[in-house]
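> Before we start, here is the structure in question, set down as structure tokens.
The values are calculated or read from the model by the stated rules, or taken from the named source; none is laboratory data. Please read these numbers as outputs of a predicted model, since none were measured by experiment. Methodologically, a virtual Cβ is constructed for each residue, glycine included, from the backbone with ideal geometry; neighbour enumeration extends over all protein chains shown.
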Amino acid sequence: MRVSYDDRERTAELLQHAFSEGRLTQPELEERLESALTAKTYGDLLALTTDLPVDQPQVGDVVELESKNGAVKRSGDWAVPRRLRVASKYGSVDLDLSTAVIPHQVVDIDLDLTYGSARIVLPEGAVANVDGFQADWGQSSTTKVPSRPRPGVLHVVITGRAKYGGLTVRYPRRRWFTH
């Protein structure tokens with residue numbers, strides 16, 4: 001898949017950050033920046049950053065949400081932590097990340113659902129990996145949402161289980177009429 005100017009810029013920022021941490025030398029930075037700014041595909045960009053460390057969640061970066069009977073909902077302008085653990089026994093989970101503040105490249109969402117389903121709305125262009133989610137009596141749906149990580153794009157990793165419910169991951173719905 002071909003990359004955009006924004007994808008190239010995000011990768012360049014990652015490389016400059018790695019240089020400022022001392023992970024790259026000046027010649028390595030210059031060589032990788034030149035490659036990043038002329039890259040044509042995501043594979044080209046990914047090759048430039050695969051040997052750099054990925055930020056791991058810190059203890060303070062974990063938020064736990066729990067509900068026994070009601071729904072768990074987050075939408076609008078909210079701060080998304082690196083790791084989100086959501087447990088709901090009889091209610092649904094509705095997480096709208098499309099207008100949220102997400103300062104992290106990777107967000108981990110762990111779902112523990114008994115009799116409810118979860119819906120996660122991603123920002124346009126984000127990717128989601130749901131391979132670690134199991135629905136016993138429901139289904140997982142990720143229509144039109146790619147799962148492969150891409151440089152400079154939000155990557156959401158969803159794990160957990162739903163006994164009698166399912167999971168839907170999608171982009172925001174397009175509105176025909178706006179004011």
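> Which members of region 81-105 meet the condition of being at pLDDT 90 or above and in contact with a His (Cβ under 9 Å, 6 or more places away or on another chain)?
Answer for region 81-105, where residues must be at pLDDT 90 or above and in contact with a His (Cβ under 9 Å, 6 or more places away or on another chain): Pro81, Arg82.
> One residue is enough: does region 142-155 have a residue meeting the conditions modelled with pLDDT of 90 or more, part of a strand (DSSP E or B) and under 25 Å from Thr11 (Cβ atoms)?
Checking region 142-155: at least one residue is modelled with pLDDT of 90 or more, part of a strand (DSSP E or B) and under 25 Å from Thr11 (Cβ atoms).
> Hey, another quick one. Say we look at region 9-38 and pick out the residues that are closer than 24 Å to Ser147 by Cβ and touching a Pro at 6+ places or on another chain (Cβ under 9 Å); which of these is modelled with the highest pLDDT?
Ranking the qualifying residues of region 9-38, first place goes to Ala36.
> For Arg173, indicate whether it is surrounded by 15 or more Cβ atoms within 10 Å (Cβ to Cβ), assigned to a loop (DSSP other than H, G, I, E, B) and in contact with a strand residue (DSSP E or B) (Cβ under 9 Å, 6 or more places away or on another chain).
Details: surrounded by 15 or more Cβ atoms within 10 Å (Cβ to Cβ): no; assigned to a loop (DSSP other than H, G, I, E, B): yes; in contact with a strand residue (DSSP E or B) (Cβ under 9 Å, 6 or more places away or on another chain): yes.
For Arg173, the condition - surrounded by 15 or more Cβ atoms within 10 Å (Cβ to Cβ), assigned to a loop (DSSP other than H, G, I, E, B) and in contact with a strand residue (DSSP E or B) (Cβ under 9 Å, 6 or more places away or on another chain) - is not met.
> Moving to a separate point now. Where the second residue is among the polar types (S, T, N, Q) and at pLDDT below 90 and the first is closer than 25 Å to Arg2 by Cβ and lies in region 148-165, which pairs have Cβ atoms under 6 Å and are six or more apart or on separate chains?
Once the first residue is closer than 25 Å to Arg2 by Cβ and sits in region 148-165, its partners that are among the polar types (S, T, N, Q) and at pLDDT below 90 give Pro151/Thr11; Pro151/Thr49; Gly152/Thr11.
> So which residues in region 70-79 are surrounded by fewer than 19 Cβ atoms within 10 Å (Cβ to Cβ) and on the phi < 0 side of the Ramachandran plot?
Residues of region 70-79 surrounded by fewer than 19 Cβ atoms within 10 Å (Cβ to Cβ): 70-71, 73-79.
Within region 70-79, Gly70, Ala71, Lys73, Arg74, Ser75, Asp77, Trp78, Ala79 meet the criteria.
> Would you point out which residue out of Gly160, Gly132, Gly165 is part of a loop (DSSP other than H, G, I, E, B) and not basic (Lys, Arg)?
Working: Gly160 fails: part of a loop (DSSP other than H, G, I, E, B); Gly132 fails: part of a loop (DSSP other than H, G, I, E, B).
None of the others qualify; the one that does is Gly165.
> Being over 26 Å from Pro172 (Cα atoms) and of a type in the set (Asp, Glu): is that true of Glu13 here?
On the way: over 26 Å from Pro172 (Cα atoms): yes; of a type in the set (Asp, Glu): yes.
So Glu13 passes the test.
> In region 103-128, what count of residues is obtained for those that are surrounded by fewer than 20 Cβ atoms within 10 Å (Cβ to Cβ) and out of contact with any Lys or Arg (no Cβ under 8 Å at 6 or more places or on another chain)?
Looking only at that region, the number is 5.
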